[in-house]
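The values are calculated or read from the model by the stated rules, or taken from the named source; none is laboratory data. Keep in mind it's a predicted model, so treat the numbers as computed, not measured. No Cβ is skipped: glycine too gets one built from the backbone with ideal geometry, and neighbour counts run over all protein chains shown. Ligands, DNA and RNA are excluded from the accessible area calculation, which covers all protein heavy atoms including side chains. Shrake-Rupley method; radii C 1.70, N 1.55, O 1.52, S 1.80 Å.
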Amino acid sequence: MEPSRTVAAADPAFRADVLAGLAAPIPAVPARWLYDRRGSELFEAITDLPEYYLTRTERALLERHSPDVAQIVGKDDAVVEFGSGSSAKTPILLRAVEPSAYVPIDISGDFLRDSVDALAGQFPHLPIHPVEADFMHPITLPSAVSALPKLGFFPGSTIGNMVARTAVDLLRAMKDTLGVGAWLLIGMDRIKDTDMLIRAYDDAAGVTAEFNLNLLRRINAELDGTIPVDAFRHRAIWNDRMSRIEMHLEATDDVAFTVSGTPFSFRAGETIHTENSHKYGLRDARLLLRAAGWGLCQEWTDEADSFALILAEAEAPRFAP
Ligand code: AVI
């Protein structure tokens, strides 16, 4: 008799994305599937790596410039955070702008509950109105904040994980959610020395490699896959034309495997594209925001100009010549 195996319940969307992605002419799996429980833990570990400058640089910018943000936008706004706000960055902003309300939006109810618990402990008098929703689409905010001025918050350079078209769609949806006249404080990673970028996405301790390879382990566990994980290696590549770091899983040998019974084969050197991380020059960032109806108000960078914290304002539509 076959030994019984415990297989985690498969998400039909995960299965559909993996089967379609592995069969595509340029094999690719959407990056969101990197973030199962183990993937999220590994990403947290990445943010502490000496090579991963993004998190600590953005946090330092927030420490230094949140008071400037408060001076520009005023106090008593509703802070609307796109994504889970449990990270260490949100309290820095909340302490400076002293909002009237805080609205965290996340598609994951679990992340949302964790972040609300963490922040409610630190800000016992702050009204918190969590919204479980996909912020890629316009959202109706809770009526309790509808009359308040809004400050959107989207830190972490998450915008960089989207191709330009999707990034503009998201920025437009944020504008629709917050309304004309609202503010948006957003973190964007800058174009910089290629070696520094590669090191940030291919660290010496191999944590990013493990984060990337975890996708194959997840496919094996949840989609009944037979991928020989050891036959793939992590690659971080700078794509200059697209201005982005790409993460790939490269086959080191010719391999054949199945996922949910569907056969796949890769020749040595072929890759599965797993993530993009776009980097923006000063004018690129402004253009991206403008394309979605956001006008630049102020931007702050570190001394090395490695990361930008940008404050933009949702502009009223106007006749263009
Ligand atoms: C979540 N995101 C902003 C990270 C980044 O830098 O693009 C994801 C990441 N992937 C590998 N290292 C970090």
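Listed values, structure above:
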{"read-out": "Probe 1.4 Å, all protein chains present, accessible-area order of Phe266, Phe43, largest first", "value": "Phe43, Phe266"}
{"read-out": "Per residue, in Å², the accessible surface of the chain once ligands and nucleic acids are set aside, probe 1.4 Å", "value": "48 Å²"}
{"read-out": "Rounded to 10°, Cα long-axis angle of helix 12-23 versus longest principal axis of the chain", "value": "60 degrees"}
{"read-out": "Under 20 Å from the Cα of Lys150 - lysines, other chains or at least 8 residues apart", "value": "Lys75, Lys89, Lys175"}
{"read-out": "Rounded to the nearest 20 debye, dipole of the range 192-291 from Cβ charges on Lys, Arg, Asp, Glu", "value": "640 debye"}
{"read-out": "Compactness index (Cα Rg / 2.2 N^0.38 Å), the range 1-153", "value": "1.29"}
{"read-out": "Over the range 49-133, equivalent-ellipsoid semi-axes from the Cα gyration tensor in Å", "value": "20, 18, 10"}
{"read-out": "The range 149-189 - Rg over Rh from alpha carbon coordinates, Kirkwood radius", "value": "0.97"}
{"read-out": "Partner lysines for Lys279 [C-alpha distance under 18 Å; skip if fewer than 8 residues away on the same chain]", "value": "Lys192"}
{"read-out": "Value of [θ]222 nm, deg cm²/dmol, for the chain, DSSP H segments ≥ 4, -39500 (n - 2.57) each, nearest 500", "value": "-11500 deg cm²/dmol"}
{"read-out": "The chain - Rg (one decimal) and Dmax (whole number), Cα, Å", "value": "20.9, 76"}
{"read-out": "Stokes-Einstein D in µm²/s, Kirkwood radius over Cα pairs - the range 210-288 at 20 °C with 1.002 mPa s viscosity", "value": "154 µm²/s"}
{"read-out": "Measure of compaction for the range 153-238 (Cα Rg per 2.2 N^0.38 Å)", "value": "1.48"}
{"read-out": "Relative contact order computed over the chain (Cα-Cα under 8 Å; 6+ residues apart), in percent", "value": "20 percent"}
{"read-out": "Nearest-ten-degree value, helix 53-73 long axis tilted from longest Cα axis of the chain", "value": "20 degrees"}
{"read-out": "Portion, in percent, of the accessible area of the chain that falls on carbon or sulfur, probe 1.4 Å", "value": "52 percent"}
